[in-house]
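Visitor: Below is a structure I'd like to ask you about.
Any read-out appearing in this document is the output of simple, stated calculations on the displayed coordinates, not a laboratory observation. In this text the structure is predicted, and so the values were computed from the model without any measurement. Quick reminder, even Gly has a Cβ in these numbers, built from the backbone with ideal geometry, and neighbours come from all protein chains shown.
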Amino acid sequence: MKESKHVKVYLILGLIYIILFTHLPVFYTIFYHSLTDAPTAVDGSINLKTLSPDRTIILDGSWEFFWNRLIVTEPQQDDKSDFFIKVPDYWSKYKIDGKWLTAEGFASYRLTLQGLKYSQPVTVYLPDFGCAYRVFIDGVRTAESGIVSKNINEIHTVPKAKLYPVTLSPRETHEIVIEVASTRFSGLYMAPVLKDYERTIQENNDRGSIRLILFGTVLFSFFVLTVVYMLSSRRGLYLAWLPAMSFLVLMRLMLTTEFYSFWQSKVFFNLSYEDTNELMFLATFILKFLMIFMIQRQFGVAFSRKEKYGFFLYYTVIYLVYYFTPHGFYNRHLTIILPVSTFLLEFYSFFKIYNERHQMKRLGILVYCGSLLALSGLIIDCYYINGNIYINMSLALIVSLSVQMTILSIVYALRIAELYNDYAISSIQLSQAKQQIAIQKEYYDALSERVNEILEIKHDIRHFIGVINGLCENGRYDELKHFLSEYEDIIETEPLPIFCENVVANSILGYYSLMAKKAGIQFYCTCSIQRQLSVNDADLCVVLGNAVENAIEACTKLDNPEERFISVEARTKNSQLLIKIENSYNGCLNIRNGDYISTKNEKFHGLGIKNVKRVVEAYGGFIKTEHNERTFILMVAFPMHKKTEDKPANYKGDGLMQGQQQDRKIVMLSDSRRRNSRHKGGFAV
């Protein structure tokens, strides 16, 4: 309940962040002049006496507008403007002779600078701008982007501008002219800026380096998520939306003004930037739709087929409206409304996630934060590229998407690692279970064989009694003694070892005692392991099986059979199950990085004591080893708990059987004449 409450708070804070933080740059732009006391252009003139190009000067306000005229490159006698136009804005929002101007076309903007004095070179340009343009200061070109032409078919837009330094003359009045050509964006919808040339170049270079690093991060995340998809599909977990989403993020970044100039000729066949808008919207809509599958997988929120089809239809309709709407009408009425309407899925998903927050998976909040960053980047970019933000937010989308992709790649890399680890553990546990079953089967096969032998003897016992009675009645005692001697050899069977009450432990110890006998190893055992333990059967099999098997392997390497021995002790003390296994060995140990490494070559071996240590520590117990040149001792302590199903966590044991000498009844394999002698706590084999 406490965790659910925290998740609730995080979700609400995320919604507040999206609503408030992402709109702060917009509010700053709306109140830009009142907050900064920066001047604005009025009737084609702006007073810059109090400002210096050392800082960015926003040249917004009303400019002189010349429709279908390039007043610098093709000067005419009549240089009277058609009207004053707001900058930033779309010229398709204005009329001449009662008709709306078309989105495509060319025009000139002119602004007079009053009182500007600056000795260093300056430049004027439009950052992250999609139309083709040329900028002139006092008739000298200071920036250009793309191809400006009177022929609509020859207009070619490139978002990256070429900047040139211009040194201002000593006079106090200067003239800026911007010639613009567009096929859909219709004019200066972003505000031009006046800056120091050297500072602008340095800032652009710094931003370019950051952009490349961030793009490299997203590219790396794409490869990581592709590998995650390939690995997950091999395990029957199909996450095709992961590489698809990362690919669309890459495409979305390649289509931004920051990167398109680089990829324009390499990937997009030198397509004019204005003509890529349909592709950008399509990639964005598909990316948004794929978020449904991420939300389902990460947050445990189920989208019905009806909901999926509904959103698919919704985005299809929005895209068709965008695609078929005339550019001029779109610029006048839909530049903000239509992009904002695409965020319906995100807000709808928020309420679904909020209502089902208890289903959120591990690291879900981390993915949620990454998604919020991506969402805020898309919202800010939507406002920024439409001229509603004066602050340079060109890196906002790249940063937010790169962070989201990095988070996704980390989370799902951890997920696939956990998945493969679970499969590896399951494989090991399956192998151990098979081994345990095989051990128990062999042990109980031997037990069944002994039972059958006893049944056969029981079946024939009446015949033997009759023979004995006949010999006694006739006084043939020598023959009776000879008969009983022969019968003793016939009925003598090797008893099976019974070491403790615990079935699993007894079968393991019994199996390896028989294995030890075959190898000529003296096997001593005194165990008191109760029937019910807090240690589950599989883990008990790992500890006893690995430890005794390692001991047998070590003994077999001794050349002298008389030196081979294994001693196993187990008992409960101070709420702990204490196990001690001592064996002889040849003095050679395989130690690597402080760990003992088994020398067995089977598929699931090679972990040795490290594997035992992993299981013991999972119960909060611990393991200790001692050795000299002749003997090796392994001591294990398991905490004992009332619950038999759950593993105790963070339990610290009270100690092993270190330094304790206890009475033990020794049983020896090598003495076949002591098979039937029973001892307390053990069985002589």
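Visitor: Could you tell me which residue out of Ile552, Gly130, Ala302 lies farthest along the dipole of the chain toward its positive end? Charges go on the beta carbon: Lys and Arg +1, Asp and Glu -1, centred on the Cα centre.
Guide: After comparing all options, I get Ala302.
Visitor: Is it possible to state the helix-based mean residue ellipticity at 222 nm for the chain, with each DSSP H run of 4+ residues giving -39500 (n - 2.57), the sum divided by total residues, to the nearest 500 deg cm²/dmol? What is it?
Guide: My calculation for the chain gives -15500 deg cm²/dmol from helical runs alone.
Visitor: Here are some pairs, Lys8/Lys352; Lys441/Lys610; Lys308/Lys361; which of them have Cα atoms lying more than 19 Å apart in this structure?
Guide: Lys441/Lys610; Lys308/Lys361
Visitor: Also, quick follow-up: Going by C-beta contacts inside 10 Å, put Leu471, Leu59, Leu344 in order with the fewest on the left.
Guide: Leu344, Leu471, Leu59
Visitor: Hey, another quick one. For the stretch 5-138, what number results from the quotient of the Cα radius of gyration and 2.2 N^0.38 Å?
Guide: That ratio works out to 1.40.
Visitor: For the chain, find the longest principal axis of its Cα atoms and tell me its angle to the long axis of helix 305-324, 0 to 90°, nearest 10.
Guide: 20
Visitor: State which stretch of the chain is the longest one without any exposed GluC sites (Glu not before Pro), exposure meaning a DSSP loop state and at most 15 other Cβ atoms within 10 Å.
Guide: In short, 173-355.
Visitor: Long-range amide H contacts for Ile529: which residues qualify at under 5 Å (H placed 1.01 Å from N, peptide plane, sequence gap of 5 or more or a different chain)?
Guide: Placed amide hydrogens put Glu501, Asn502 under 5 Å from Ile529.
Visitor: Normalised by the number of residues in the chain, what is the relative contact order in percent for Cα pairs under 8 Å and 6+ residues apart?
Guide: 10
Visitor: I would also like to ask the following. Would you indicate which of (1) 45, 42, 33; (2) 55, 40, 18; (3) 89, 25, 21 is the value of semi-axes √(5λ) of the Cα gyration tensor in Å derived from the coordinates of this structure?
Guide: The value matching this structure is (3).
Visitor: Let me have the relative contact order for the stretch 216-421, percent, based on Cα pairs under 8 Å that are six or more residues apart.
Guide: With pairs under 8 Å counted, the relative contact order is 27 percent.
Visitor: Sorted from fewest to most neighbouring beta carbons within 10 Å, what does the list Ser513, Ser169 look like?
Guide: Ser169, Ser513
Visitor: Pairs Lys434/Lys624; Lys49/Lys93; Lys80/Lys150: which are spaced more than 26 Å apart, C-alpha to C-alpha?
Guide: Lys434/Lys624; Lys49/Lys93
Visitor: Quick check: pseudo-label points 7 Å beyond the Cα along Cα→Cβ at Ser261 and Asp43, how many nm apart are they?
Guide: That separation, rounded to one decimal, is 3.8 nm.
Visitor: Amide H of Glu175 versus every other amide H placed in the peptide plane: which residues, excluding those fewer than 5 positions away on the same chain, fall under 5 Å?
Guide: For Glu175, whose amide H was placed from the backbone, the distant partners under 5 Å are Leu113, Asp138.
Visitor: Round to the nearest 10 and give me the degree value, 0 to 90, for the angle of helix 2-20's Cα axis relative to the longest principal axis of the chain.
Guide: Tilt relative to the chain: about 10 degrees.
Visitor: On C-alpha positions alone, give me the angle between the axis of helix 396-473 and the longest principal axis of the chain, in degrees, nearest 10.
Guide: Relative to the chain, helix 396-473 is tipped by roughly 10 degrees.
Visitor: Ranked by Cβ crowding within 10 angstrom, fewest neighbours first, how are Ile365, Ile468 ordered?
Guide: Sorted ascending by nearby Cβ count, the order is Ile468, Ile365.
Visitor: In the stretch 105-159, which trypsin sites (Lys or Arg not before Pro) are in a loop and have at most 15 other Cβ atoms within 10 Å, using DSSP for the loop call?
Guide: Here the trypsin sites (Lys or Arg not before Pro) that fit, given the DSSP loop and packing criteria, are Lys117, Lys150.
Visitor: Could you give the longest part of the chain that holds none of the chymotrypsin sites (Phe, Trp or Tyr not before Pro) found in DSSP loops with at most 10 neighbouring Cβ atoms within 10 Å?
Guide: 270-685
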